[in-house]
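Asker: Supplied in structure tokens, the structure appears directly below.
The values are calculated or read from the model by the stated rules, or taken from the named source; none is laboratory data. Keep in mind that what you see is a predicted model, and the values were worked out from it rather than measured. Quick reminder, even Gly has a Cβ in these numbers, built from the backbone with ideal geometry, and neighbours come from all protein chains shown.
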């Protein structure tokens with residue numbers, strides 16, 4: 001049985017419970033977060049194949065994209081995405097509170113449909129590892145949210161000025177790629193107090209600028225807080241909801257752990273290419289059965305509704321070539337690749 005070590009200090013009846021996917025361009029209820037200007041949704045052909053095998057009454061798609069971006073025949077090959085972008089999207093910058101504001105906008109839009117009962121936040125570089133039916137049942141059968149959440153005791157991201165609204169013992173860290181039950185999504189959308197604290201005190205440390213000389217020493221003493229790695233986890237902890245969570249994400253990320261203390265870029269996720277997205281690697285990801293959180297000395301065995309399951313349903317970050325290989329290798333299901341991609 002395989003395990004993943006986290007070293008970062010880091011189904012229902014047809015009474016129509018929909019799975020909401022939010023992508024960052026958003027999908028299940030899928031919520032997709034696309035935060036940069038793009039000509040298209042790069043992996044739309046893979047997601048189109050994924051949704052093709054799902055009942056359209058069982059999922060909704062919401063996309064947060066750069067303001068003005070429209071999903072239509074000219075920007076996506078998949079009709080599932082047509083017109084699914086938010087009309088009130090904002091400009092988003094990595095490492096700033098605008099990222100969690102975009103997530104809140106996605107969830108708010110999805111909550112307007114009472115049929116949406118599960119909310120999956122994904123990015124446009126995410127891929128599914130199983131077909132629709134498996135993913136739907138895995139998530140819908142669980143009464144819990146899947147939220148990667150652990151104590152952040154070894155990093156200097158917590159700003160004491162956040163207290164007393166956010167006491168140190170409630171400060172959490174984890175992946176932003178969460179899967180939520182409806183009442184937890186409502187907690188996030190209804191929050192104004194903690195979000196305001198994050199906007200004021202959780203900010204990314206500015207990069208080193210050689211033109212600033214000795215001023216860099218002062219700047220590098222600032223708290224280096226990445227809002228989207230803390231907000232949902234900390235908010236749910238403050239509401240006493242951790243007992244209602246599977247404290248893990250269902251989205252796999254492979255981190256580059258080679259950075260040294262002098263590397264100002266730090267760790268970053270590795271992008272899978274055609275060459276390293278073969279069947280052996282995908283099977284390795286699918287075989288992961290538990291996650292170890294070293295800051296808590298905790299092993300999180302992966303369950304859905306008390307049943308042992310593989311840990312991950314999705315993975316990131318995947319290039320277009322890597323996604324094409326998943327299709328051709330039949331990871332999602334067997335599809336005619338040429339028919340999905342069209343003539344190029």
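Asker: Quick check: is even one residue across the stretch 53-63 assigned to a loop (DSSP other than H, G, I, E, B), crowded, with 18+ Cβ neighbours inside 10 Å and at pLDDT below 90?
Answerer: Looking for residues that are assigned to a loop (DSSP other than H, G, I, E, B), crowded, with 18+ Cβ neighbours inside 10 Å and at pLDDT below 90, one finds none in the stretch 53-63, hence no.
Asker: In the stretch 113-134, what residues are assigned to a strand (DSSP E or B) and farther than 27 Å from residue 270 by Cβ?
Answerer: Matches in the stretch 113-134: 116, 117, 118.
Asker: Next up: Return yes when residue 237 is farther than 25 Å from residue 142 by Cβ, surrounded by 18 or more Cβ atoms within 10 Å (Cβ to Cβ) and modelled with pLDDT of 90 or more and no when it is not.
Answerer: no
Asker: Just wondering, is there one or more residues in the stretch 240-262 that are at pLDDT below 90, part of a loop (DSSP other than H, G, I, E, B) and surrounded by 13 or more Cβ atoms within 10 Å (Cβ to Cβ)?
Answerer: Yes, the conditions are met somewhere in the stretch 240-262.
Asker: Right, next: Among the candidates 314, 335, 318, which residue alone is at pLDDT below 90 and surrounded by 14 or more Cβ atoms within 10 Å (Cβ to Cβ)?
Answerer: That would be 335, the only listed residue that is at pLDDT below 90 and surrounded by 14 or more Cβ atoms within 10 Å (Cβ to Cβ).
Asker: For residue 135, indicate whether it is within 19 Å of residue 44 (Cα to Cα) and buried (at least 21 other Cβ atoms within 10 Å of the Cβ).
Answerer: yes
Asker: Would you confirm, using the coordinates I've provided, whether residue 106 is more than 23 Å from residue 313 (Cβ to Cβ) and surrounded by 23 or more Cβ atoms within 10 Å (Cβ to Cβ)?
Answerer: So residue 106 does not fit the description; no.
Asker: Based on what the data block shows, is residue 224 modelled with pLDDT under 95, surrounded by 11 or more Cβ atoms within 10 Å (Cβ to Cβ) and not in a loop (DSSP other than H, G, I, E, B)?
Answerer: no
Asker: For the stretch 285-297, which residues satisfy the criterion of being loosely packed, with under 14 Cβ neighbours inside 10 Å and at pLDDT below 95?
Answerer: Result: 297, single match.
Asker: Now for a separate question. Among the listed residues 15, 46, 93, which satisfies the condition of being modelled with pLDDT under 80 and either in a loop (DSSP other than H, G, I, E, B) or crowded, with 21+ Cβ neighbours inside 10 Å (or both)?
Answerer: The match here is 15.
Asker: Residue 110 passes all but one of (1) assigned to a loop (DSSP other than H, G, I, E, B); (2) within 19 Å of residue 188 (Cβ to Cβ); which number fails?
Answerer: Every listed condition holds for residue 110 apart from (1).
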